[in-house]
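First the structure, in the form of structure tokens, and then the observations on it.
The values are calculated or read from the model by the stated rules, or taken from the named source; none is laboratory data. Model, not experiment: these values are computed from the prediction. When we count neighbours, we look across all protein chains shown, and the Cβ atoms used for this are built from the backbone with ideal geometry, even at glycine. These accessible areas exclude ligands, DNA and RNA; they are computed on the full protein's heavy atoms, side chains included. Shrake-Rupley method; radii C 1.70, N 1.55, O 1.52, S 1.80 Å.
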Amino acid sequence: MIARPLPDGFLCIRQLDHAALAGELARTWGGAMPLLDPRAPVERAIARHDAGWVELDREPLWDPTTGLPHTYRSYSGDDALDVAMRSVEIVGAEDPYAGWLVSRHFASFHAGSEAPAARAWVTAQVGHRAELLSRAWPLVGREALHPYVLEANFDWLQLLDGLSLALCEAWDDWESRETCAEYGERGDPRGEVPRADGTRAHWCASAGGGG
């Protein structure tokens, strides 16, 4: 859940809707990014990466410290890990290549955790991703499994996830992790996010950021 404060209350946006917006950006961005390859599974990963949030979006828990529903930022570590597990399971069952990207996405969030359950899950995902790629190979071909292709597609998932959050939460600006400009190359994509008042917020993708 995303809870965006408004002058007369707050706007709740489901994680599934935020992810669908990221998927729409992937489909329509055009010349600002390379053509996704393999297109269908990468678009699926971007549009479905938060599939595990369905239950908590349907019946959100309330945060007594804010008086608002818990958001993706404020749920407990155990709840967040449950979401990660469900998201990987759901998307991996739909498409193993997309499942690899979603696993990589959530593992990046939990990699620094000191919680034993999170550390065990991140470690187990290394083997699980290998199994996902073995199932994906006949569907997408060898080239799609090259490390630079996988990492580039992971970059685009991370970037479009962040850009969708920027739109949903009306961030003034934000900075992402370093992002591939082309498959096999590194670069600094930059752009603007339109605000509701007609002005535009700037974003950049560069090394060392968090989006």
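Structure notes:
- Checking the stated criteria, R86 turns out not to satisfy the condition of being within 17 Å of G162 (Cβ to Cβ), modelled with pLDDT of 95 or more, open to solvent by 10 Å² or more (accessible area, probe 1.4 Å) and of a type in the set (K, R).
- Filtered by the rule that a residue be out of contact with any Asp or Glu (no Cβ under 8 Å at 6 or more places or on another chain) and surrounded by 24 or more Cβ atoms within 10 Å (Cβ to Cβ), region 41-50 gives V42, D50.
- Counted residues, region 1-39 - those being aliphatic (A, V, I, L, M) and without any contact (Cβ under 8 Å) to a residue 24 or more places away in the chain: 3
- Those residues of region 29-47 which are part of a helix (DSSP H, G or I) and over 18 Å from E151 (Cα atoms), in sequence order: G30, G31, A32
- Qualifying position, being part of a helix (DSSP H, G or I), open to solvent by less than 20 Å² (accessible area, probe 1.4 Å), more than 25 Å from A130 (Cα to Cα) and of a type in the set (G, A, S), among A3, A26: A26
- Breaking point among (1) open to solvent by 40 Å² or more (accessible area, probe 1.4 Å); (2) more than 26 Å from S176 (Cβ to Cβ); (3) of a type outside the set (A, V, I, L, M, F, W, C); (4) touching a residue at least 24 places away in the same chain (Cβ under 8 Å), for P116: (4)
- So W156, is it touching a strand residue (DSSP E or B) at 6+ places or on another chain (Cβ under 9 Å), over 22 Å from G77 (Cα atoms) and either surrounded by 15 or more Cβ atoms within 10 Å (Cβ to Cβ) or without any contact (Cβ under 8 Å) to a residue 60 or more places away in the chain (or both): yes
- Yes/no for S103 being under 26 Å from A26 (Cα atoms), among the hydroxyl-bearing types (S, T, Y) and open to solvent by 60 Å² or more (accessible area, probe 1.4 Å): no
- Restricting attention to region 59-79, the residues being open to solvent by less than 30 Å² (accessible area, probe 1.4 Å) and either within 16 Å of A111 (Cα to Cα) or without any contact (Cβ under 8 Å) to a residue 60 or more places away in the chain (or both) number 2.
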